[in-house]
Amino acid sequence: MPAPSIEQLLDRLDELKRPVGTRDGARLLAGVLRQTARRRFTDAPSLIRFHEILLYLRAYPQSASLVEATEKLLHSFASRVERLSADGADMSAFEESDVSGIAATGFSAVFGYDITRWLARTHASRVQVLWDDYEDHAHLNLVWPKLLPLFEEDAYSDAHAPFLAWVRAAKRRGESDLSWLMRQFERLPVGEKQKAELFEPLRLWVRWELGNSKATRTLMRRRVRRIFYHDAPLVARRDVSLARELDAPPLAVERLSRAGGERLLAMGRDTMAVRFRELHGFTFGDPRSVVRADAGRGLEIFLWGVAPVRRLPLLGYHAGIFFKNGVPMGYHEGLSLFERVEIGLNLFYTFRDGESAWAYARLMRLYRQLLGADVFSIDPYQLGGSGNEEGIESGAFWFYRKLGFRPVRAELATLVASEERKIAARKNYRTPPRVLRRLSSGHVIYEARADAAAAAAAATTTQGEWDRFAVRNVGLAVVRRMASEFDGDAGRIRAASVATVKRALGAVGAKLNEAEERAFSNFALVLALVSDLARWTAVEKRDALSIIRAKAAGADESRYLRLLCRHARLRREIIALGTNVNSQVKE
């Protein structure tokens, strides 16, 4: 009988990687893994596939011996990649964004200023600028004179001045071009925002050769106290109840030290960067605010905020990362206002065949526990809208719908009911992509309620205070006022709003620090739209000022959100502004 091909072995591993809870299943898996490990791979796609299966097995191990076996294979994986390259195989597949980050590979990307600076600091010997075929001399000629004295004389006499000759003359011996460039930018006598505005239009490609470092997806691990072994079937979506999850006791939570927060954020930035991703919360996360939640079953959820200078005007912002048995499994981002939060979740491709629904339910529970969230909204893009074809292919809409989320638009609720009748009547029915695109064109929402009957009713109706709310509607109301009353002058409307709101709140003499002044300036634009603000009670005015101070204080914005939820009058006003039909735009 001929030996199975590599593809057949990988197919078998894919079948066996999900735990079934039997010793026979675990023994079969271990045997096929040993068989596959002995083979010599001859093409990149097969080797990549083997890598992803190994990572899955490390995150969802069925036994201690499997952890040992997968770790050994992953720690020696660089040699497999190097051997494949030496054999002359096409290695380009390793640079695709879905799989980038494997040991002994590299990739090229354009990053923003802050992440490029991070890479230059933490991976200096492995990251370099790619000057080949660089052609944006016009923008370079605007920036280089700020870094190199007299460069403009060369630039004005030669539109294609030899900029690299200037760099090589200016940098220290042994210093890389990228290290020199970032050092010069850091010395510029302007703020961080202005540095980024100068740097990012250059659109510099950088090359990161990962080697066998711990920044690779292959080797990145967080040390955990205990491995959770999956000696029983995984928790399926049908076994997940959001109502039960959200009413469960609090998760065990601890705040990391500042040093621990720095280490966790460093790991998070590497996790994102090797996947070509930049996210506000990872780039600007505040190490003082990092908390760890033990979600059970080997799942750790980390959540943090950003420093006051990086906070949004109204929305509370949080981000974080998941680890499964020490392996980075995905990330999340939450935008909160009062009790409503819009959660963006991305489980990395490798792990989407795991306990995704259960992990998401635990994340919702954590947001409720820490931030007081009761209304959970999902942006259309997460469902497959706005051109997210990956979401359409994976049927993301039905992932959320089967958890209990409902569309907020009446016509989409009608379409959902029609599709659900077809699914119930025809065993093999699948919603066509064109219908999924329609279903994914609007938000879906889940409202946590203590009363089970009310929760069941909410699953099929489209009535709720937050259904038509969009924070952009608040902003549109402000800029319409700017256009009609201030001739479109942003500075004038801001100054006038601050003066009006300070008088109305009795805060003319209030002492505010720089961060509080910035927060007050943003809130004033909104509060100036409240016609009876001056007639609010003294307590309502005092509490509004406390909310504004909280926006600018603390390691994160959890207190700000809690105070918001207690201010019923402010809540009514902002919801009304956010649902004003005269301010609405299509989702």
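The values are calculated or read from the model by the stated rules, or taken from the named source; none is laboratory data. Here the structure is a predicted model, which means the values were calculated and not measured. Please note: Cβ atoms are built from the backbone with ideal geometry, for glycine as well, and neighbour counts cover all protein chains shown.
Here are the numbers:
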| read-out | value |
| --- | --- |
| Residue that is farthest from the chain's Cα centre (by Cα), among those in segment 211-242 that are surrounded by fewer than 15 Cβ atoms within 10 Å (Cβ to Cβ) and small (Gly, Ala, Ser) | Ala232 |
| Candidates Val408, Val416, filtered to the one that is β-branched (Val, Ile, Thr), in contact with an Asp or Glu (Cβ under 6 Å, 6 or more places away or on another chain) and more than 26 Å from Val253 (Cα to Cα) | Val408 |
| Selected residue (only one of Ser79, Ser100 is at pLDDT 95 or above, not assigned by TED's automatic domain parsing to the domain that holds Gly21 and not acidic (Asp, Glu)) | Ser100 |
| Test for Tyr60: is it under 26 Å from Arg222 (Cα atoms), modelled with pLDDT of 95 or more and touching a Pro at 6+ places or on another chain (Cβ under 9 Å) | yes |
| Residue check, Leu251 more than 20 Å from Arg297 (Cβ to Cβ), surrounded by 12 or more Cβ atoms within 10 Å (Cβ to Cβ) and not assigned by TED's automatic domain parsing to the domain that holds Ser79 | no |
| Number of the exception - Pro19 against (1) exposed (fewer than 15 other Cβ atoms within 10 Å of the Cβ); (2) at pLDDT below 95 | (1) |
| Number of positions in segment 140-158 that are aromatic (Phe, Trp, Tyr) and either surrounded by fewer than 19 Cβ atoms within 10 Å (Cβ to Cβ) or without any contact (Cβ under 8 Å) to a residue 12 or more places away in the chain (or both) | 1 |
| Within segment 443-491, considering residues that are surrounded by fewer than 16 Cβ atoms within 10 Å (Cβ to Cβ) and touching a helix residue (DSSP H, G or I) at 6+ places or on another chain (Cβ under 8 Å), the one modelled with the lowest pLDDT | Ala452 |
| So Asp24, is it in a helix (DSSP H, G or I), more than 24 Å from Ser100 (Cα to Cα), out of contact with any Ser or Thr (no Cβ under 6 Å at 6 or more places or on another chain) and not basic (Lys, Arg) | yes |
| Selection within segment 161-174 - over 37 Å from the mean Cα position of the chain (by Cα) and surrounded by fewer than 10 Cβ atoms within 10 Å (Cβ to Cβ) | Ala169, Arg172, Arg173 |
| Candidate set from segment 254-280 (those that are among the hydrophobic types (A, V, I, L, M, F, W, C) and not in a helix (DSSP H, G or I)); member that is surrounded by the fewest Cβ atoms within 10 Å (Cβ to Cβ) | Phe276 |
| Matching residues in segment 507-525 - criterion: being at pLDDT below 95 and surrounded by fewer than 16 Cβ atoms within 10 Å (Cβ to Cβ) | Val508, Gly509, Ala510, Lys511, Asn513, Glu514 |
| Sole exception among (1) at pLDDT below 95; (2) closer than 20 Å to Gln369 by Cβ for Pro308, by number | (2) |
| Counted residues, segment 430-450 - those being touching a strand residue (DSSP E or B) at 6+ places or on another chain (Cβ under 8 Å) and part of a helix (DSSP H, G or I) | 1 |
| In segment 118-150, the residues that are within 32 Å of the chain's Cα centre (by Cα) and of a type in the set (Lys, Arg) | Arg121, Arg126 |
| Members of segment 394-412 that are assigned to a helix (DSSP H, G or I) and either buried (at least 17 other Cβ atoms within 10 Å of the Cβ) or assigned by TED's automatic domain parsing to the domain that holds Leu242 (or both) | Ala396, Phe397, Trp398, Phe399, Tyr400, Arg401, Leu412 |
| Residue check, Ile378 under 14 Å from Ser441 (Cα atoms) and touching a Pro at 6+ places or on another chain (Cβ under 8 Å) | no |
| Test result for Thr500, of a type in the set (Val, Ile, Thr), surrounded by fewer than 15 Cβ atoms within 10 Å (Cβ to Cβ) and at pLDDT 95 or above | no |
| Subset of segment 215-246 (residues that are assigned to a helix (DSSP H, G or I) and within 18 Å of Arg18 (Cα to Cα)) | Arg237, Arg238, Asp239 |
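Each row is one residue, and each column tells you yes or no for (1) modelled with pLDDT of 95 or more; (2) outside the structural domain of Phe302 (by TED's automatic domain parsing); (3) over 30 Å from Ala361 (Cα atoms).
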| site | (1), (2), (3) |
| --- | --- |
| Ser157 | no, yes, yes |
| Leu164 | no, yes, yes |
| Gly174 | no, yes, yes |
| Leu178 | yes, yes, yes |
| Arg183 | yes, yes, yes |
| Leu188 | yes, yes, yes |
| Phe199 | yes, yes, yes |
| Arg217 | yes, yes, no |
